1. Would a scan of the stretch 832-841 turn up a residue that is modelled with pLDDT of 80 or more, within 30 Å of F898 (Cβ to Cβ) and surrounded by 18 or more Cβ atoms within 10 Å (Cβ to Cβ)?
2. Here are some conditions: (1) within 27 Å of G468 (Cα to Cα); (2) in a strand (DSSP E or B). N387 meets all but one. Which one does it not meet?
3. Would you confirm, using the coordinates I've provided, whether D449 is under 22 Å from V383 (Cα atoms), of a type outside the set (K, R), in the same structural domain as K371 (by TED's automatic domain parsing) and in contact with a Gly (Cβ under 9 Å, 6 or more places away or on another chain)?
4. Residues L725, L744, L717, L749: which one is within 17 Å of L824 (Cβ to Cβ) and within 42 Å of the chain's Cα centre (by Cα)?
5. Taking only the stretch 1024-1046 into account, find how many residues are touching a His at 6+ places or on another chain (Cβ under 8 Å) and of a type in the set (V, I, T).
6. Quick one: is M693 crowded, with 16+ Cβ neighbours inside 10 Å and out of contact with any helix residue (DSSP H, G or I) (no Cβ under 8 Å at 6 or more places or on another chain)?
7. Here is a list of conditions, (1) over 16 Å from D448 (Cβ atoms); (2) touching a Pro at 6+ places or on another chain (Cβ under 8 Å), and T498 meets all of them except one; can you say which number that is?
8. Filter the stretch 1008-1037 for residues that are touching a helix residue (DSSP H, G or I) at 6+ places or on another chain (Cβ under 7 Å) and part of a strand (DSSP E or B); which is farthest from E958 (Cα to Cα)?
Amino acid sequence: MWPQQLERWQDLARFTPLRTAAGGTITSDAGEQVGVLVRVAAKEDLAAAEKLSNSGGFVVMDCAAEAWKVIPAENLVAAFQAGSAKLIGAATSADDARVMLEALEVGTAGVLLRTEDPSEVRKISGYLQRRREQGASALALSQATITRVSPVGMADRVCVDLASMLAPGEGMLVGSFSRALFLVHSEVHAYIMVPGGKTAYLSELKSGSEVLVADAAGRTRTAVVGRCKVEARPMVLVEATLPGGAGGTVSTLLQNAETVRLVGRSGGDGVHDGERGGRGTSGGDGSHWRAVSVSQLAAGDKRALCESLGVFFNASYNASNPWNDTTGWELTQTLGCARLVTPAAAARPAYCQWPGIACCGPADAAAGRCKVVHAIANLSLAVNQVNCSVSDPRFLGVLDQLHACGMVVLNLEANEIGGALPQGRLGRLTNLVILDLANNWINGTIPDDLAKLTRLRRLGLGTNFLSGTIGDWVGGLVGLEVLELGANSGVNPPDPVTGEELAGIVGTVPQGVAQLTKLVELNLQPVCMVEGGSGRRDGERGAMSGRDNSSGSSGPTSDGCRPRGGSGRGGRQWQHYGRALSSTNALSGTIPRQLCGPTTRLRVLNMRSNRLTGSPAGVVNCTKLTQLDLSMNQFTGSAPATQGWEQLVQLALGNNNFEGTIPVDIYFAPTLAYLDISDNRLTGTINININLMTYLTELDLSHNQLSGELGPDIFYLPQLSRLNLAGNNFEGTISESIGLAYSLTELMLSNNTGLIGPMPNDAAFLRYLQRLSATKTNMSCVPAKEVVAAKRAREAALNASLAGATGAAAAGGWWPKCNPEKRLPCFLEFAEYDIPRSDSSNMRCFPVRRKPQAEAQVDCRTGSAFGLLDDAVQAEQQQWDLSPSYYQYANCRCLSGFREVWTRNGTHLACEANPKSQPLPPWAWVFVALGAVLAVLAAAILSLGSRLVLFRTRWAREMELKRKRARGSPKGGGTISVVVTDIEGYSELMKTSPSLTTKALNLHNAVLKKAAHFHAGHVFEQEGDSWAVAFHDAQDAVAFCMQAQQALHKVRSHVCPARV
């Protein structure tokens, strides 16, 4: 029957048949010997079996005597430890099999179970499964934060006496909820973890029951209950929360006694037993644990919070670039938290007075604004040189600990934090209402798990090196009030079609943004740095009113991300450190249609310098706006405007494709202070209602197709400081009302060829003027009436000539001359030196400047401007850009090699190259050709050498800077270049407008930080607005200054008029 039974069994499970022969030989189905069966009934049998330990194969031990099993098993297990054979124990029950497998804590290599009872097979199978689970991996333990400790009076506690000795740090996992158990040394009436990953009631335990014990590292083993008794004792309720809020609040009841302890990890500072009031040591994995008596537990565990702060300080403090304010924090490294934290539970801990920390007070906890009294509710260390990686496990562990205890505000803006935003970690901080990591060095993409932070009111990740897209999940943050993702410059993969590298945040603006009905500020503006050149057409974009103390010089400045040359349409390539890159952030598509509605609270909408298209007409429904910036995109249609913008202060629509006239509704925005509609395709005239804009300080209408005369109304604005009308089709004269614009500091009129007549003497009233440009116009010292009469005479003569008439007027009358004494307004004069002009006129002229005060008073005595020159700004600070044609080229002469050609009745000068001399004889041309060849070769060699020696390639420059960065900060013993900067009037500005000045300061610091990094600079001191940066050589220092100047002018504040 054997073959038939085997075949039937093999249909049910996998079997390997073995046979026993006479003499105890065990053979396989193929007849090969694989082992031997030894019957042990006496000591002689035991000795014979021990001799088989090196026989190879299997040795099956069959104990014949029912009462003599344990000793033979232990002896043979010991003998076979060093042998080549494997010992198998024969048993008739699961209990006997377990004796074999646990002999000497090592056990036999296997067991041969002789039984006809299936339950015995299941029993031993379950035992083996539990052994495998225990050895597979340690339990994943989490450090919970105590949120409540409350005595509950008398109750029945359970005392479990184990038959196994527990090592220090080991305990049982028990609790009132099976989803989360506490690791304790002695336990009570609750659940307990038993082998097999299951839980049981403590009341169900009895002598002989198996329970699971664990240590602080999560390692587990099985122990047997020796005794279990239930007695009435005082109890205490302990509640806690897990990291990230997983599982909500969990609790357990413990006996209120000093001998009952919870096990947890310490802060890793090596503080143990005696200092903590509890037992402590270091685990085998190097982690520190401590056993804290339940009588010493306090909500929040102030000691643990202090230690977490010490870990954070230790991980983020860089001695070469230290924190700005370390008050209190440094004591975690010197005194230790055992001495810092007051033992009394009700006392306010020391860390609540440290800078950057706001603790939860009793009133706040009662009002529900925070959870645990004396826990850290607010961690705000903005602009403090915090230096760490956002992906550092220590940093993330501290955030988990503080959050579990009730932290709701995390603000680390404007620090030295780097690394990639971790995926799946920040989403644990579900209680946060403010998360601000802006203005750091963080890279990577925006984690999708931020969608879990549904309580957020502010999310700031701007001015970093992030890339990728904004997920649709952002629409789920329904409580969000501020979303700031602008000024990111991370690198995205090249476009698969065009190969273009887009920097920063790409993709479209998620439609879910429209669901954020509480949103107050949406900032998606980029910041790009421009190296070399102004990026403006003819320099008429205007310079920032001020200077950068890092250089002390001024010059052409960049207007934030403006394309180099041209209007910026068609490709929109930006210059970024010598590479053609798109601006940092390249969002495309349209503005979500439902972004603005009747319930919208949006006050700041900033989408400057992206790639957005379509019509933004929907923004007129955002009636609570104070700042709207849609400039430098590709919007079309009419410029948006509504009289509903009663609170609008700043409106920037420049550098788009808007058409039509200036919307009339703009003139009725009662609080508008900044208006930029430049670089569009607007037509028509300036409406007379512009005089209603009494709060306007800056107006930029340049580079459109506006026309008509500049009436006096535009100069009736008492607070107007910057007016740019360049690049239009305005005509007529400049009104004498120009003198009423008392606050004007900058006036741009260039590239308006229809403007004629002289500059009114009333312009002398502009006592604060710093720059006026009227180049490339037809303004001149000739009175407008004479210009018009001469033009009509020319037209009449031309018509008469075409009609064949004779007796036309003399040609000289067509081009009237200036009165030599009135070539310039009475308050202006020519400088005492001439300079070559920067255009292609090939001539030298004397610059125009303002006269000294005393001289101007005399010359303008009969003019209407007399009497107000005494409080004008210093003459050398004013810049008057007038075309030489204005003063009919008086005091101008041609450069060497050019000859003067006067036309138009001697009122127009052109410089032409000198005519050629007599032709050389043929033999002379041979020498000329030879000389030319030699000159070309010499020039080529000189050019190549100069390029190699003086003008290194950008690649070489970038490699050089890379090497300098790798060397670290400049070391002593050599030459070091130091740049020191600050902001003029910073203290006064902070007093008068702290919020706006802080915003401007953040922009300022972001610019300097990135410029210093690019040029291998080391910031060795930075406090508030003051920076001190060291460079390896002077070239890097100068390049830093130039880049900082241009970038600061680019991000030139519309929020703070400070001179930098």
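1. yes
2. It fails just one condition, (2).
3. no
4. Being within 17 Å of L824 (Cβ to Cβ) and within 42 Å of the chain's Cα centre (by Cα) holds for just one of L725, L744, L717, L749, which is L749.
5. 1
6. Taking the combined requirement at face value, the residue does not satisfy it.
7. (2)
8. So, considering only residues that are touching a helix residue (DSSP H, G or I) at 6+ places or on another chain (Cβ under 7 Å) and part of a strand (DSSP E or B), the one farthest from E958 (Cα to Cα) is W1027.
The values are calculated or read from the model by the stated rules, or taken from the named source; none is laboratory data. Here the structure is a predicted model, which is why all the values come from computation and not from measurement. Heads up, the Cβs are rebuilt from the backbone with ideal geometry, glycines too, and the neighbour counts pull from every protein chain shown.
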